[in-house]
Amino acid sequence: KNTLAQLKETGSAFEVEHECLGKCQGLFAPQFYLAPDDPCIQCLECYGMFSPQTFVMHSHRSPDKRTCHWGFESAKWHCYLHINQKYLGTSEERELKHLLEEMKEKFSEKNQKRTR
Amino acid sequence: VLQPPVSTHPGPEFWCSIAYFEQDVQVGEIFKVPSSCPSVVVDGYVDPSGGARFCLGQLSNVQRCAASERARLHIGKGVQLERRGEGDVWMRCRSDHAVFVQSFYLDREAGRAPGDAVHKVYPGAHIKVFDLRQCHRQMQQQAATAQAAATAQAAAVAGSIPGPGSVGGIAPAIGLSVAAGLGVDDLRRLCLVRLSFVKGWGPDYPRASITCTPCWIEVHLHRALQLLDHVLHALPDAHA
Ligand code: NI
Ligand code: NI
Ligand SMILES: [Zn+2]
């Protein structure tokens, strides 16, 4: 819970969510995302810290009864992670979407090649 | 491996037609895809230029509810449906939100009873959602079962109702047509695929059926419907 308070103070953290294998919301702290596997997302429910790829596998919802899942791959986390719904239609939406896109590209193959 | 076609009958002019719904209301015109265009995109945009594209963003509904309004914003690049060979169908989820599919083919692939499961297809996934050969086998079996049930019911009605109703075959004829009618609706269901954008349904979601979801489509597969026609005509007493 300490980390959450810290993140909110620094101001750059923003809320994200996914709907994979159950829904989950978290706080993304860009300043902690220094390597692909760095825990930089804090779950808003249990306060656990996750890397983007492990966050999309994390959820507190009971397992599905009737739903079959096709094509889920945690490595494709950038396809599943969105800014929190609550930002949609607000003045922050554009800026946060852009920031999240930057985070998704930070360690993408495309960027790796560029820096090499 | 090249398999012989399921039927040598000439193919349909349009390989599928797509109807768009918001909850239980159909919105806009039915979109037909010519057989010369094996691939069609259904997306959330407004400008249908460039190839076979059904743009849901341009469809208006004066009674549109807030849930549909919101969900439609997330359809984005939607899905691509591709006919392969005689009438198999593949789907690619191009949206950045999952789509939820009702498909007897996927039920079987997942080891579920027909109609039992809701199939969530993740962004970026590319999967087969319909198999013509399997559908044909299924409709032949189901038609035969419905026929047998109708015949048995007709016989039971003829044998159990005393009085003028059973004389001259009036009551049996009613029994037969009712049972056959139910069968045909079930059989037609084999020839379509339904998919909901963004929102799921069933016991895992707050919506009981696909007709409660905010934006969904029904894809009628014409080759399969053609085969169904032949199957029904091949049954004895099909026009009773
Ligand atoms: Ni979205
Ligand atoms: Ni006829
Ligand atoms: Zn958690």
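The values are calculated or read from the model by the stated rules, or taken from the named source; none is laboratory data. Because the structure is predicted, anything quoted here is derived from the model rather than measured. No Cβ is skipped: glycine too gets one built from the backbone with ideal geometry, and neighbour counts run over all protein chains shown. The accessibility values were calculated without ligands, DNA or RNA, using every heavy atom of the protein model including side chains. Shrake-Rupley method; radii C 1.70, N 1.55, O 1.52, S 1.80 Å.
Worth pointing out:
- Residues in the range B:1-16 that are among the hydrophobic types (A, V, I, L, M, F, W, C) and open to solvent by less than 40 Å² (accessible area, probe 1.4 Å): B:Val6, B:Trp15, B:Cys16.
- When the range B:17-56 is filtered for residues that are outside any strand (DSSP E or B), under 20 Å from B:Arg70 (Cβ atoms) and either basic (Lys, Arg) or open to solvent by less than 60 Å² (accessible area, probe 1.4 Å) (or both), the ones remaining, listed by number, are B:Gln23, B:Gly44, B:Leu56.
- Filter result for B:Gly76 (open to solvent by less than 70 Å² (accessible area, probe 1.4 Å), within 12 Å of chain A (Cβ to nearest Cβ) and not in a helix (DSSP H, G or I)): yes
- Answer residue from the range B:191-201, given it is in a loop (DSSP other than H, G, I, E, B) and open to solvent by less than 10 Å² (accessible area, probe 1.4 Å) and is nearest to the other protein chains (Cβ to nearest Cβ) among those: B:Gly200
- Within the range B:202-234, being within 14 Å of another protein chain (Cβ to nearest Cβ) and either hydrophobic (A, V, I, L, M, F, W, C) or within 16 Å of ligand 2 (Cβ to nearest atom) (or both) holds for B:Ala208, B:Ile210.
- Per-region count, the range B:143-166, residues open to solvent by 30 Å² or more (accessible area, probe 1.4 Å) and either modelled with pLDDT of 95 or more or in contact with a Leu (Cβ under 6 Å, 6 or more places away or on another chain) (or both): 1
- Test: A:Arg61 is within 9 Å of chain B (Cβ to nearest Cβ) and open to solvent by 60 Å² or more (accessible area, probe 1.4 Å): yes
- Within the range B:107-128, if we keep just the residues that are within 20 Å of B:Thr213 (Cα to Cα) and not charged (D, E, K, R), the residue that is farthest from the other protein chains (Cβ to nearest Cβ) turns out to be B:Gly115.
- Residue that is farthest from the other protein chains (Cβ to nearest Cβ), among those in the range A:64-101 that are under 28 Å from B:Gly202 (Cα atoms), in contact (Cβ under 8 Å) with a residue 60 or more places away in the chain and open to solvent by 40 Å² or more (accessible area, probe 1.4 Å): A:Lys86
- Summed over the range B:206-221, the residues that are open to solvent by 40 Å² or more (accessible area, probe 1.4 Å) and touching a residue at least 60 places away in the same chain (Cβ under 8 Å) give a count of 3.
- Residue check for B:Arg83: basic (Lys, Arg), more than 16 Å from ligand 2 (Cβ to nearest atom) and within 13 Å of chain A (Cβ to nearest Cβ): no
- Subset tally (residues that are of a type in the set (A, V, I, L, M, F, W, C), free of Cβ contacts under 8 Å to residues at least 24 places away in the same chain and open to solvent by 40 Å² or more (accessible area, probe 1.4 Å)) for the range A:39-58: 1
- Taken over the range B:112-139, the criterion of being buried (at least 17 other Cβ atoms within 10 Å of the Cβ) and either of a type in the set (Gly, Ala, Ser) or assigned to a helix (DSSP H, G or I) (or both) is satisfied by B:Ala117, B:Gly124, B:Ala125, B:Leu132, B:Cys135, B:His136, B:Gln138, B:Met139.
- Positions within the range B:222-240 being part of a helix (DSSP H, G or I), open to solvent by 50 Å² or more (accessible area, probe 1.4 Å) and either closer than 14 Å to B:Phe100 by Cα or in contact (Cβ under 8 Å) with a residue 40 or more places away in the chain (or both), in sequence order: B:His230
- Evaluation of A:Pro36 against (1) out of contact with any Phe, Trp or Tyr (no Cβ under 9 Å at 6 or more places or on another chain); (2) surrounded by fewer than 17 Cβ atoms within 10 Å (Cβ to Cβ); (3) of a type outside the set (D, E, K, R); (4) outside any helix (DSSP H, G or I) (one fails), failing number: (1)
- Residues (free of Cβ contacts under 8 Å to residues at least 40 places away in the same chain and aromatic (Phe, Trp, Tyr)) located in the range B:80-104: B:Trp90
- Considering (1) touching a Leu at 6+ places or on another chain (Cβ under 7 Å); (2) within 16 Å of ligand 1 (Cβ to nearest atom); (3) more than 30 Å from B:Ile210 (Cβ to Cβ), the lone condition that A:Ala29 does not fulfil carries the number (2).
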